[in-house]
2 protein chains.
Amino acid sequence: MLVDGLPAETVPAADRGLNYGDGLFETMRLHRGRVCLIERHLQRLRMSCVRLGLPYPGDALLHADIERLAHGQAEDAALRLVLTRGDGGRGYAPPAEAQGRRIVSLHALPPAGPDAWTVGLCTTRLGRNTTLAGLKHISRLEQVLAAAEVAAAGWDEGLMLDDGGLVIEATRHNVFFLRSGRICTPPLTHAGVAGVMRQLVIETADAMGIGGEEQPLRYDELHEIDALFLCNAVAGLRRVNRIGTRELGPGDALEHLRSGLVERGAAWLS
Amino acid sequence: MLVDGLPAETVPAADRGLNYGDGLFETMRLHRGRVCLIERHLQRLRMSCVRLGLPYPGDALLHADIERLAHGQAEDAALRLVLTRGDGGRGYAPPAEAQGRRIVSLHALPPAGPDAWTVGLCTTRLGRNTTLAGLKHISRLEQVLAAAEVAAAGWDEGLMLDDGGLVIEATRHNVFFLRSGRICTPPLTHAGVAGVMRQLVIETADAMGIGGEEQPLRYDELHEIDALFLCNAVAGLRRVNRIGTRELGPGDALEHLRSGLVERGAAWLS
């Protein structure tokens with residue numbers, strides 16, 4: 001683990017990430033010594049820093065940290081990059097001149113799990129908040145409680161609704177669904193994390209002429225969709241074959257999409 | 001500062017408080033060497049731990065930590081107590097056997113500010129989430145962004161609305177308002193922090209026969225109220241004499257209430 005570029009295992013207890021969830025993170029896939037989609041990850045991070053008024057350390061420092069941890073890693077792994085506003089004493093108001101802090105760590109990949117996943121519906125909802133929607137920030141207590149539900153129920157993943165009953169995402173994946181032959185995903189204007197892999201899937205489905213549209217999906221419309229799949233930047237694509245008690249088909253569209261993603265450079269999906 | 005009962009300035013970077021906002025906190029007033037309302041603070045913390053499934057360290061350890069920091073402090077101060085779920089690796093799902101971590105720190109009181117405060121309306125909203133409503137958790141990015149608005153605008157405090165346009169609280173205070181001669185406060189069933197001082201004010205106003213009811217307050221009803229005041233466990237009560245461009249009266253009800261609070265043991269308010 002590197003903290004501000006130096007090997008370390010701790011951070012100051014005054015860090016605003018710890019005290020107020022005041023920060024952002026990225027989780028990246030390391031494949032054959034390279035970080036997949038790194039430019040997209042850093043681009044999202046840069047834009048998110050602008051939205052939160054967080055200092056962005058610059059591409060050069062982040063590339064150097066990542067390179068140092070990734071170097072010589074033969075096994076695929078997950079790289080986690082956290083940016084916080086740094087130390088800030090007591091009180092919500094950010095210091096006028098925040099220094100920021102960056103923490104980069106390497107982790108074994110989570111178990112791949114089954115080929116096709118069973119998902120349930122979490123009772124923990126996502127609050128609607130246009131100021132935070134889309135950001136991969138570290139104030140993630142909603143996801144923590146939903147993930148605890150998933151574990152307790154023995155599902156592979158759990159769908160999360162917003163306060164208005166719209167399906168937004170799963171606890172650690174974005175969701176895509178097949179409806180009327182089109183691959184669609186919920187808009188994230190009011191809640192949810194705008195994933196790097198989600199964006200790549202949108203662009204790929206659009207380029208292949210098979211979808212990519214953002215469409216709201218109400219909870220009571222889940223029985224009308226023809227397929228559901230999940231994605232994130234570490235796992236790639238996951239097929240869902242069961243929502244609660246409802247079985248879903250094998251999803252030819254998903255395999256078609258996967259081949260398109262591989263053609264567009266997502267080699268670790270093949 | 002004490003981390004798990006020992007003097008320390010750092011925490012492991014793997015702490016789930018840092019990585020996911022997975023924790024709770026209390027901010028307490030130290031007055032003449034004693035922590036005001038300590039039983040109420042610990043009671044809230046204990047109940048909040050149950051709601052989040054966080055391990056509660058027990059009253060004895062928390063009393064010992066607090067006693068150690070408070071001992072010999074002649075000046076009034078603020079004591080901050082953070083409980084996190086402890087270390088937890090990568091992934092939202094809480095470990096089956098979370099160890100938890102407790103961090104207790106002593107801080108100078110914030111400046112008291114003027115006698116009567118000017119408040120504005122923050123554009124950052126509070127997401128509605130019944131699972132988290134009322135909890136003083138550390139996933140506080142909404143408050144951070146709202147507090148940045150307050151600082152930029154030069155207000156003393158800022159009111160926060162929920163996603164539906166209801167007034168819920170201020171960035172670091174609960175709010176009470178006078179309407180039809182009654183002291184009322186917004187319900188916190190969907191958003192907001194259920195403050196220890198808020199609860200004491202509710203009980204006191206009720207016992208005095210001057211209010212204590214929870215009543216929704218829409219944004220467009222702010223021009224109809226007769227007085228507004230703010231409270232928290234560190235500052236006590238604050239009178240508001242201006243909301244945006246609207247002047248508010250001197251608030252005799254507030255002085256009446258303050259005397260009732262002092263009688264009920266809130267001696268540091270006198």
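The values are calculated or read from the model by the stated rules, or taken from the named source; none is laboratory data. Just so it is clear, the model here is predicted, and its values are computed rather than measured. Positions of Cβ are backbone-derived with ideal geometry, glycine not excepted, and every protein chain shown enters the neighbour counts.
Structural remarks
- Residue in segment A:144-151 that is of a type outside the set (S, T, Y), within 12 Å of chain B (Cβ to nearest Cβ) and over 18 Å from the mean Cα position of the chain (by Cα) present: yes
- For the criterion of being within 14 Å of chain B (Cβ to nearest Cβ) and either part of a helix (DSSP H, G or I) or not small (G, A, S) (or both), A:R29 passes.
- Among (1) under 22 Å from B:R140 (Cβ atoms); (2) of a type in the set (A, V, I, L, M); (3) in a helix (DSSP H, G or I) - the single one B:A98 does not satisfy: (3)
- Every pair of residues 6+ apart whose Cβ atoms lie under 6 Å, when the first sits in segment A:119-132 and is more than 7 Å from chain B (Cβ to nearest Cβ) and in contact (Cβ under 8 Å) with a residue 40 or more places away in the chain while the second is assigned to a loop (DSSP other than H, G, I, E, B) and of a type in the set (A, V, I, L, M): A:L126/A:A191
- Scanning segment B:1-22 for residues being at positive phi, in contact with a helix residue (DSSP H, G or I) (Cβ under 7 Å, 6 or more places away or on another chain) and more than 8 Å from every other protein chain (Cβ to nearest Cβ) gives a total of 1.
- Scan of segment B:142-156 for residues that are touching a residue at least 12 places away in the same chain (Cβ under 8 Å), out of contact with any Phe, Trp or Tyr (no Cβ under 6 Å at 6 or more places or on another chain) and not β-branched (V, I, T), ordered by number: B:E142, B:L145, B:A146, B:E149, B:A153, B:W155
Rundown of residues vs (1) closer than 21 Å to A:N241 by Cα; (2) of a type outside the set (G, A, S), yes/no style:
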| residue | (1), (2) |
| --- | --- |
| A:L188 | no, yes |
| A:M197 | yes, yes |
| A:I202 | no, yes |
| A:A205 | yes, no |
| A:M208 | no, yes |
| A:D220 | yes, yes |
| A:F229 | yes, yes |
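- Residue match in segment A:246-257 (condition: of a type in the set (G, A, S), modelled with pLDDT of 90 or more and surrounded by fewer than 21 Cβ atoms within 10 Å (Cβ to Cβ)): no
- Failed item, numbered, when B:Y56 is tested on (1) within 10 Å of another protein chain (Cβ to nearest Cβ); (2) part of a loop (DSSP other than H, G, I, E, B); (3) under 30 Å from B:P186 (Cβ atoms): (1)
- Within segment A:217-245, being in contact with a Leu (Cβ under 7 Å, 6 or more places away or on another chain) and either among the acidic types (D, E) or surrounded by fewer than 14 Cβ atoms within 10 Å (Cβ to Cβ) (or both) holds for A:R218, A:D226, A:G244.
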